[in-house]
Each structure stands twice: as C-alpha cells, then as structure tokens.
Amino acid sequence: MAVPCKVRNFVWRACRNAIPTNLNLVRHCVIEDSTCSFCTQSPEYVLHSLWSCPSLTQVWEDDPQWAFGRTTRFQSFPQVLLHVLEWGCSGDLFTMLTWNIWFRRNKVRTSPLGWSLDQLAQQAYQCLQEFRSTQPRKPIAATPA
C-alpha cells in the first residue's frame, strides 16, 4: 500500500484487534462500559468503530466504491479490508479513510473541534494526494531499441 507508515501501522493493528476500542479497554480493565460513544447502540469493537457504526453510514455511502457495504455483511475488519483489495476498490483510499475515522474519533473525544463526518472522505483523499506528491517518482526503465 502506498500510504504513510502510520496508516499502514494503524491498519495492521486494527487487523490484529490491537487498537484501543471501548471493548478492548474494558477487557484490559481500563474502562467499564464498552458501548460506542457515537451511536450508543452497540459495543465499540474494531469493525464497529471503523466500518459498521451507524454514525459512519454517510461516510461509507457517499462514495459508490464502498456500496458493497449495503449488501455484504462482515464478521471482522480484516474481512472488509480483504474484500476491498480483492474487488479492486482503492485500498490506499480505504486505509487512509479508516485512519481518518480513527483520528477523528480521538479528536472528538479530546477536544470540542474535529472534522465533521461529511469532511472525512475529502480529508482522506487530500491526505493521500499530499502523501503521493512527496514520494519520489520511480524511474522509467529504458527499453532496448
């Protein structure tokens, strides 16, 4: 994936259920309530916090490439990621978007200002474009004449 290292690291941790969701914090006796702070309907586990939380519906339904989310049910975040990669969706944009969802989640919890949900996709796209613009271009191999 051509994304920043922090995004690759985050996705790796999310796939291993190693991000501090409320459910994981309850398991480690850090907090007592695993309920999602945003929808208050379900425990906050990795798949819920990055993909299936009802509060994220507009994020995933705004872009047609994520339309499969309306018809396909997943049991884990790695299943969603695998589906994205196998079906030719932009894996880079997906991972950047999930990182932005997590970043926003933490921002909203620690400060009153944060990106609104309708800005997330655009913010993820801009972050990806900015990252790509800083990467050295691969040299074009000369073909023998």
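Any read-out appearing in this document is the output of simple, stated calculations on the displayed coordinates, not a laboratory observation. These numbers were taken from a predicted model, which means no experiment stands behind them. Note that each Cβ is placed from the backbone with ideal geometry, even for glycine, and that neighbours are counted across all protein chains shown.
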Would you mind checking the tilt of helix 117-134 against the longest principal axis of the Cα atoms of the chain, expressed as 0 to 90 degrees and rounded to 10?
30
Most mobile listed residue (TRP66, TRP51, TRP99) in the chain, GNM with C-alpha springs under 10 Å:
TRP66
Based on DSSP loop calls and a cut-off of at most 10 other Cβ atoms within 10 Å, the longest stretch of the chain free of exposed trypsin sites (Lys or Arg not before Pro) is what?
1-72
Can you run phi through the Karplus equation (6.51, -1.76, 1.60; θ = phi - 60°) for region 43-50 and list ³J(HN,Hα) in whole Hz, with x for Gly and Pro?
x, 8, 10, 4, 4, 5, 5, 10
Summing -39500 (n - 2.57) over every DSSP H run of at least 4 residues in the chain and dividing by its residue count gives a helix-only mean residue ellipticity at 222 nm, to the nearest 500 deg cm²/dmol, of -15000 deg cm²/dmol
Calculated from backbone phi, Karplus (6.51, -1.76, 1.60) coupling profile of region 12-17 in Hz, x at Gly/Pro:
4, 5, 5, 5, 9, 6
Counting only other residues whose beta carbon sits under 14 Å from that of TYR125, what net charge do I get with K and R as +1, D and E as -1?
-4
Karplus-derived HN-Hα couplings along region 96-104 (A = 6.51, B = -1.76, C = 1.60, θ = phi - 60°), whole Hz, x at Gly and Pro
5, 5, 5, 4, 5, 4, 5, 4, 4
Counting all Cα-Cα pairs in the chain, those more than 20 Å apart amount in percent to 51
